[in-house]
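*Asks:* Handing you a structure now.
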Amino acid sequence: MVEVRGALATSLETSGLLLAALLLAGCGDDVAPRPDLPTETPALWNPCDALDAAFIERQFGTVATEEAGEPTAPVCRFVPEERTGQPVIEANYLQFSGGLDQAWDTMGQPEDADVDDPVIAGADAARVVVDVVKKQLYVTGFVQNGDLIQSVNVIAPAPYDQKGVVTGVEQVLTRLSAHADRAGVGA
């Protein structure tokens, strides 16, 4: 699942660099002074605004501690208090105008992974990828609301309840999608 997200991030970074190079190539000698811009991009929001430890416990049975990241690094993790045998959950997002289908085409997926397109209320598109590697379950879900693509990753050690984890991921995607709709983000 990290490969899928890593490929998407690399593709988006490359696209941004290419666009910047093209824009610079079109500039002549008459360049306006550079405006004062912030050195850090502010976060759109933190996925933890839509999720909490009680919700995660209901969905995955994991008693976890919430880690909300930093304002400019809005990652949301739920780390099990009992470090063995419990799934770890992470939620994140990115803005991408090409939509989930175009982003999906740039990602590499394991050939033996199961991919499903669940219907998520209020979402433009959604995907769930399920893979088992070395007796660990990896489930990644994506949900698109306009230009916003949110993701949730779950890593569950054996023994795991695959159907329960996939259902939990779909519930997290539903909550993240509803949060985007209420905030008017991605429209």
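*Asks:* Using a 1.4 angstrom probe, figure out how much accessible area segment 47-183 has per residue, in square angstrom, rounded to the nearest whole. Walk me through the intermediate numbers first.
*Replies:* On the way: 6630 Å² over 137 residues.
In whole numbers, segment 47-183 has 48 Å² accessible per residue.
*Asks:* Please list, in chain and number order, the residues 5+ apart from residue 136 or on another chain whose amide H is under 5 Å from its amide H, with Hs placed from the backbone.
*Replies:* Counting only residues 5 or more places away or on other chains, the set is empty.
*Asks:* Below 13 angstrom from the Cβ of residue 48, what's the summed charge of the other residues (Lys, Arg +1; Asp, Glu -1)? Intermediate values should be presented prior to the final figure.
*Replies:* Values: positive: 77, 175; negative: 49, 52, 66, 67, 70, 90.
After counting each charged neighbour, the total is -4.
*Asks:* Each residue of segment 68-80 in order: what ³J(HN,Hα) in whole Hz does its phi give by Karplus 6.51 cos²θ - 1.76 cosθ + 1.60, θ = phi - 60°, with x for Gly and Pro?
*Replies:* My calculation for segment 68-80 gives 9, x, 10, x, 9, 9, x, 9, 10, 10, 10, 9, x Hz in order.
*Asks:* Regarding segment 47-183, what's the average projected area of the Cα-atom convex hull, expressed in nm²?
*Replies:* Numbers: hull surface 32.6 nm².
The orientation-averaged projected area of the Cα hull of segment 47-183 comes to 8.1 nm².
*Asks:* In nm, give the distance between the simple-model label positions of residue 105 and residue 117, each being 7 Å from the Cα along the Cα-to-Cβ direction.
*Replies:* Spacing of the two 7 Å Cα→Cβ label points: 1.4 nm.
*Asks:* Shifting gears a bit: With a Förster radius of 22 Å, plug the Cβ-Cβ distance of residue 55 and residue 147 into 1/(1 + (r/R0)^6) and report the FRET value to the nearest 0.05.
*Replies:* Working: r = 25 Å, r/R0 = 1.16.
Efficiency, rounded to the nearest 0.05: 0.30.
*Asks:* If you don't mind, another one. Label points 7 Å out from Cα along the Cβ direction at residue 134 and residue 95: separation in nm?
*Replies:* Computed distance between label sites residue 134 and residue 95 equals 3.8 nm.
*Asks:* Using amide H atoms built 1.01 Å from N in the peptide plane, name the residues 5+ places from residue 64, or on other chains, whose amide H lies under 5 Å from its own.
*Replies:* Distant-sequence amide H within range of residue 64: 81.
*Asks:* Sticking with this structure for a sec: What residues qualify as long-range amide H neighbours of residue 147, i.e. H under 5 Å apart, gap of 5 or more or another chain, H built at 1.01 Å from N?
*Replies:* 186, 187
The values are calculated or read from the model by the stated rules, or taken from the named source; none is laboratory data. Note that the structure is a prediction, hence the values are computed from the model and not measured. Every residue, glycine among them, receives a Cβ derived from its backbone with ideal geometry; neighbour counts consider all protein chains shown. Ligands, DNA and RNA are stripped out before the accessible areas are found, and what is left, the full protein with its side chains, is counted by its heavy atoms. Shrake-Rupley method; radii C 1.70, N 1.55, O 1.52, S 1.80 Å.
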